[in-house]
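**Student:** The structure follows.
The values are calculated or read from the model by the stated rules, or taken from the named source; none is laboratory data. Being a predicted model, the structure only gives us computed values, none of them experimental. Ideal geometry is used to build each Cβ from the backbone, glycine not excepted, and the neighbour counts take in all protein chains shown. All accessible areas refer to the heavy atoms of the entire protein, side chains included, with ligands and DNA or RNA removed. Shrake-Rupley method; radii C 1.70, N 1.55, O 1.52, S 1.80 Å.
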Amino acid sequence: MSALAAQAISTGRLDLLPLRVEHAEEMAAVLSDPALHAFIGGAPKTPRDLRSRYRRITAGSPDPAVCWLNWVIRLRDESCLTGTVQATVGPSGQATVAEVAWVVGVPWQGRGIAVEAAQGLVDWLGGQPVDAVVAHIHPEHRASAAVATAAGLTPTDAWHDGEVRWLRSVGR
C-alpha cells in the first residue's frame with residue numbers, strides 16, 4: 001500500500017486539519033472533561049502529555065503497511081478546535097481497511113460537529129485506496145452510534161474488546 005497522508009478536509013462548518021504537535025495546548029483544554037472518558041477509559045491528558053503523544057503519532061506508524069491519519073476539528077465560525085478524528089489505514093486480508101474514531105469536547109457536543117466531521121472523514125476516505133471503513137463503538141454509547149449511522153456505517157455481529165464493530169464499504 002502506498003502511504004497516505006492526512007490532508008485538510010473542509011465541510012460546511014468545519015476544517016479538519018492535519019494534527020500537529022502545536023495543537024496540544026488547545027486540545028488539552030478541549031479534551032479536559034473527565035466525562036469524555038466514560039466509554040473510552042483513561043483520564044484527561046496534560047498539554048505536556050498530549051505533546052508527547054502527538055510527537056509519536058505524527059511521526060507515523062512503525063509498520064510501513066499501516067498509515068496513521070489524524071486531524072483536529074476546527075469550527076470555522078468560532079475559530080476554535082473542538083475535537084479530533086482519526087483513521088488507521090492498513091491491510092486486512094485482501095482488503096485495505098480504515099479504522100476510524102472521533103471525539104468532540106463536551107462544550108461542543110450536541111451540535112452535529114461529530115456527525116459532520118465523521119461524514120467528511122468517511123467521504124474523504126472513499127476517494128482513497130480504501131475498501132472499507134470500520135469503527136468500534138461501545139454498545140451503550142448512543143451518541144457515537146448515531147454518528148456512525150450518519151456516516152453510513154452499520155453495526156455488524158462482530159465484537160472487539162467489548163465494542164460492536166461497525167462497517168461501511170467505500171471506494172475502489
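**Student:** Just to verify a result, which residue in region 1-37, among those that are in contact (Cβ under 8 Å) with a residue 60 or more places away in the chain and among the β-branched types (Val, Ile, Thr), is surrounded by the most Cβ atoms within 10 Å (Cβ to Cβ)?
**Tutor:** The extreme case among them is Val30.
**Student:** Against the condition surrounded by fewer than 19 Cβ atoms within 10 Å (Cβ to Cβ), under 14 Å from the mean Cα position of the chain (by Cα) and β-branched (Val, Ile, Thr), how does Ile40 come out, does it pass? Working first, answer last.
**Tutor:** Values: surrounded by fewer than 19 Cβ atoms within 10 Å (Cβ to Cβ): yes; under 14 Å from the mean Cα position of the chain (by Cα): yes; β-branched (Val, Ile, Thr): yes.
Yes.
**Student:** Follow-up. How many of the residues making up region 67-85 are among the charged types (D, E, K, R) and under 16 Å from the mean Cα position of the chain (by Cα)? Spell out the reasoning first.
**Tutor:** Step one: list which residues in region 67-85 are among the charged types (D, E, K, R), which gives 74, 76-78.
Now restrict to residues that are under 16 Å from the mean Cα position of the chain (by Cα): 74.
Summing the residues that are among the charged types (D, E, K, R) and under 16 Å from the mean Cα position of the chain (by Cα) in region 67-85 gives 1.
**Student:** Next question, about the same structure. Please enumerate the residues belonging to region 124-172 that are open to solvent by 50 Å² or more (accessible area, probe 1.4 Å) and charged (D, E, K, R).
**Tutor:** If the condition is that a residue be open to solvent by 50 Å² or more (accessible area, probe 1.4 Å) and charged (D, E, K, R), then Glu140, Arg142, Asp157, Asp161, Arg165, Arg168, Arg172 are the ones that fit.
**Student:** Among what's in region 105-123 and is open to solvent by less than 10 Å² (accessible area, probe 1.4 Å) and of a type in the set (A, V, I, L, M), pick the residue that is farthest from the chain's Cα centre (by Cα).
**Tutor:** Ile113
**Student:** Let me ask another. When only residues in region 147-169 that are in contact with a helix residue (DSSP H, G or I) (Cβ under 9 Å, 6 or more places away or on another chain) and assigned to a strand (DSSP E or B) count, which is nearest to Gly41 (Cα to Cα)?
**Tutor:** It comes out as Val164.
**Student:** Applying the selection to region 90-133, what residues are part of a helix (DSSP H, G or I) and of a type in the set (Val, Ile, Thr)?
**Tutor:** Residues of region 90-133 part of a helix (DSSP H, G or I): 106-108, 113-126.
Correct list: Val106, Ile113, Val115, Val122.
**Student:** Out of region 71-89, which residues are among the basic types (Lys, Arg) and either open to solvent by less than 10 Å² (accessible area, probe 1.4 Å) or in a strand (DSSP E or B) (or both)? Break it down into steps so the answer makes sense when it comes.
**Tutor:** The initial filter retains those residues of region 71-89 that are among the basic types (Lys, Arg), namely 74, 76.
Arg74, the sole residue that qualifies.
**Student:** Do we find a residue being in contact (Cβ under 8 Å) with a residue 12 or more places away in the chain and closer than 22 Å to Leu81 by Cβ anywhere in region 152-169?
**Tutor:** No.
**Student:** Moving on to the next point. Pick from region 43-59 the residues that are touching a residue at least 12 places away in the same chain (Cβ under 8 Å) and outside any helix (DSSP H, G or I): which of them is most open to solvent (accessible area, probe 1.4 Å)?
**Tutor:** It comes out as Lys45.
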